[in-house]
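The values are calculated or read from the model by the stated rules, or taken from the named source; none is laboratory data. Remember, it's a predicted structure, so these values are computed and weren't measured experimentally. Cβ coordinates were reconstructed from backbone atoms using ideal geometry, including for glycine residues, and neighbour counts include every protein chain displayed. All accessible areas refer to the heavy atoms of the entire protein, side chains included, with ligands and DNA or RNA removed. Shrake-Rupley method; radii C 1.70, N 1.55, O 1.52, S 1.80 Å.
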Amino acid sequence: MPSYFTRPLSRLVAELEKLPGVGPKSAQRLAFFILRMNDEEAQNLAQAIVEAKSHVQTCRVCFNYTDQDICEICRDERRDTGCICVVADARDLVAFERTNEYKGRYHVLQGVISPMDGIGPERLRIRELQQRIAQAQQDNGSGAHPVSEIIIATNPTIEGDATAMYLAGILKPLGIKVTRIAHGMPVGGDLDYADQATLIQSLEWRREI
Amino acid sequence: MYLKGISLQNYRNLQPVSLGLGEGFWLILGANGQGKSNFLEAISVLCLGKARRAERDRDLIRFGEDFFRLEGKFSREERGDLESVVRLGPDGKELLIFGTPVGTLAKFIGEASCVTFSSDDVDIVLGEPTARRQFMNEALSQLSQGYIFDLARYRRCRDQKNKALKDIRERLAPVDSVEVWDQNLAQYGGRVCARRARFVRQISELSAKIYARLSAEAEGLQVSYEPNVSAPEEAPQWPEAMLQAIVEKRPEEIRRGMSLVGPQRDDLSITLNGVDGRGFASRGQARTIALALRLAQAQLMRKQTGEWPILLLDDVFAELDETRRALLSEMVSEAGQVFATAASEGDVPALEQRQMGLITLRRGQIEVEKTAEAAA
Ligand SMILES: Nc1ncnc2c1ncn2[C@@H]1O[C@H](COP(=O)(O)OP(=O)(O)OP(=O)(O)O)[C@@H](O)[C@H]1O
Ligand SMILES: [Mg+2]
Ligand SMILES: [Zn+2]
């Protein structure tokens, strides 16, 4: 690409262009905006990126983002350990948390099954979910299964449905109640954008699969 | 329904123009290659939100330009007026209804509706099954938003499943990884088939009557649905019937590495007096059958939406003899608006000429010479 920018500027544009949804035009616009910032603002932005990258990791238990080994939700004793809500993405977890309705735990799959993108079940955090359930049972000894319900909250897309189907196939033989949230939500919609009322409803109307 | 006005910019070879139009029968006259078909196509793009055939939308942009824009103002009886825009530029396609972007094609299509009659329609009879499936898809997508949604989901699911089957064949994935797609495949595929079955039943009755009028020999036309799955008694049983067929075919699907059950393998059977017409009908017979099917499609849309679609007749009259011309022009006279192209005035039935509107086309330049008088 022939560059009309001085080297540091074209490097900034090139880096910004790698972000999702940012084309060459917006990358330029953002770069020029950053150049007009005062020094402190620019420093803050750069530091925020570096810090987020070095301090944020995924929770060892549920794979939510956290700055610790185990996330706040997993450490919160008041939350029901017997109910696990399985979401595709950490953004979906945030959508549920915003409703203030759900008091159980989560498990973030980090994606959905999609052969066209080369993603099979083994690429998701499904094995970890199985281990987590097995561990809970072991810790519990001989009593009733400590995990009483698994709510599958993947998006109602073709891939979200297939992932739910796969999970039901491996979890139901364990004798755990498996439910899927009801989709009163806009057709083809993402959890991320669903409004809170719809989410609360869809939790309430979840059905066994 | 009729088009009150249309504006075109950078569309194929057509010069930029804003035209006022109205109800009635419009004749579009021009020598070969002047842009008559392109003008009809522009109207259909305003109804369908995309090119009719397998063509890429990009081909619609005038050579050397980087966008086209079409704007239409429609008058509708039941649902009130409509203003729509289709714009395709370097950053994609925009579909607007009253200036507001609509997210998906499914929400755009069906707002305004049209039926195109063209000489390519003989492919429905003489061509490959794809042409017959395309006929069903084009008609059904204007009749039901649910159909477009189900078909799009079905295709996505089938593509995922085909990739899964390929991975299994190459031993990249376990054999049971295919099963998670089947439920949705049967669900959406079954719904597509149920709608097609009903559509063909309706179209069959209408087209048989029309064909009997059009053909002097009183040959019996019969059109029926030939699904790739044995059809269940009742429409709601389609998904279940399809799932069963999928499960039965699973070993073969795994062996061949592709999905073998579903609407992508459907066909229409077309017989004349009990004899297969597909591939065997004479050209003249095929033309009359295709015409009967298109008229039946228009009548069905009229029945279901309460309103005639706009009829776009591309060089259709020129292909017919005097009697059939008269019959056709009588049959389309009920429609709110008809556009018919011809290379010469002699190609259109004389009885229409008095009230007819006249548009001429010269090297992409569109001129309204005379406005149409709405039929009383
Ligand atoms: N994207 C495009 N940009 C510019 N010109 C185009 C484009 N696509 C097609 N054309 C031109 O449009 C002309 C064809 O127009 P059209 O098919 O509408 O003619 P017609 O009047 O229907 O002719 P006929 O009587 O032969 O059917 C051709 O000359 C073709 O080169
Ligand atoms: Mg033409
Ligand atoms: Zn956690």
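The equivalent ellipsoid of chain A has semi-axes of 39, 20, 17 Å, largest first, where each one is the square root of 5 times an eigenvalue of the Cα gyration tensor. Note: relative contact order over chain B, using C-alpha pairs below 8 Å and six or more positions apart, is 26 percent. Of the chymotrypsin sites (Phe, Trp or Tyr not before Pro) found in segment A:33-76, none is in coil by DSSP with at most 12 other Cβ atoms within 10 Å of its Cβ. Considering every alpha-carbon pair of the protein assembly as shown, the percent of pairs per 10 Å bin, from zero through the bin containing the longest distance, is 3, 14, 20, 21, 18, 13, 8, 3, 1, 0. What percent antiparallel are the DSSP beta bridges of the protein assembly as shown, to the nearest 5? Restricted to the protein assembly as shown, the bridges split so that about 60 percent are antiparallel. Angle of helix B:129-143 to the longest C-alpha principal axis of chain B, folded into 0 to 90 degrees and rounded to 10: 70°. Any idea how far the Cα center of segment A:14-78 sits from the one of segment B:1-47, in Å? Centre-to-centre (Cα) distance: 52 Å.
The protection proxy used here, the mean number of other Cβ atoms lying within 10 Å of each residue, ranks peptides B:357-369, B:280-292 as follows, highest first: B:280-292, B:357-369. Close amide H pairs (under 5 Å, H built 1.01 Å from N) link B:GLU226 with B:ASP267, B:LEU268, B:SER269, residues at least 5 positions away or on another chain. The modelled label-to-label distance for the pair B:ASP91/B:ALA231, using points 7 Å beyond Cα in the direction of Cβ, is 4.8 nm. Computed over segment A:7-55, the quotient of the alpha carbon radius of gyration and 2.2 N^0.38 Å is 1.17.
The accessible surface of segment B:63-190, taken with every protein chain in place and a 1.4 Å probe, is 47 percent carbon and sulfur. When the accessible areas of A alone and B alone are added and the area of the pair subtracted, with a 1.4 Å probe, the result is around 1300 Å², both sides summed. Taking amide H positions as modeled 1.01 Å from N, with prolines and chain starts lacking one, the residues under 5 Å from B:LEU313 and 5 or more places away or on another chain are B:PHE117, B:PHE339, B:ALA340, B:THR341. Here is the list for segment A:99-167: trypsin sites (Lys or Arg not before Pro) lying in DSSP coil, each with at most 11 other C-beta atoms within 10 angstrom of its C-beta, are A:LYS103.
Using r as the Cβ-Cβ distance of B:LEU358 and B:LYS209, and R0 as 30 Å, what FRET efficiency do you calculate, to the nearest 0.05?
E between B:LEU358 and B:LYS209, to the nearest 0.05, is 0.40.
Model label points for B:ASP321 and A:LEU9, set 7 angstrom from Cα along the Cα-to-Cβ axis, are 7.7 nm apart.
The residues of segment A:85-132 present an accessible area of 45 Å² per residue when probed at 1.4 Å with all protein chains retained. Can you find, among B:LEU361, B:ALA194, B:TYR211, the residue farthest towards the positive end of the dipole of chain B? Put +1 on the C-beta of Lys and Arg, -1 on that of Asp and Glu. Result: B:ALA194, furthest along the dipole toward the positive end. Counting Cβ atoms of other protein chains within 10 Å of each residue's Cβ and taking the mean over peptide B:175-182 gives 4.
Helix A:39-55 and the long axis of chain A differ in direction by around 30°, with both axes built from C-alpha atoms. Answer rounded, prolate or oblate for segment B:203-357, using the Cα gyration tensor with square roots of eigenvalues a ≥ b ≥ c: rounded when a/c is under 1.5, else prolate when a/b is larger than b/c, else oblate. Cα axes put segment B:203-357 in the prolate bin. With a Förster radius of 45 Å applied to the beta-carbon distance between A:LEU35 and A:LYS177, the computed FRET efficiency rounds to 0.20.
Relative to the longest principal axis of the Cα atoms of chain B, the long axis of helix B:238-256 lies at roughly 70 degrees. Computed from phi, the 3J(HN,Hα) profile of segment B:27-36 under the Karplus parametrisation 6.51, -1.76, 1.60 (θ = phi - 60°) reads 9, 10, 9, x, 5, 4, x, 8, x, 4 Hz, with x in place of Gly and Pro. Based on the reciprocal of the average 1/r between different C-alpha atoms, the Kirkwood radius for chain B equals 22.1 Å. Residues in segment A:157-163 carry Karplus couplings, in order, of 9, 4, 6, x, 5, 5, 5 Hz; the curve used is 6.51 cos²θ - 1.76 cosθ + 1.60 with θ = phi - 60°, and Gly or Pro positions show x.
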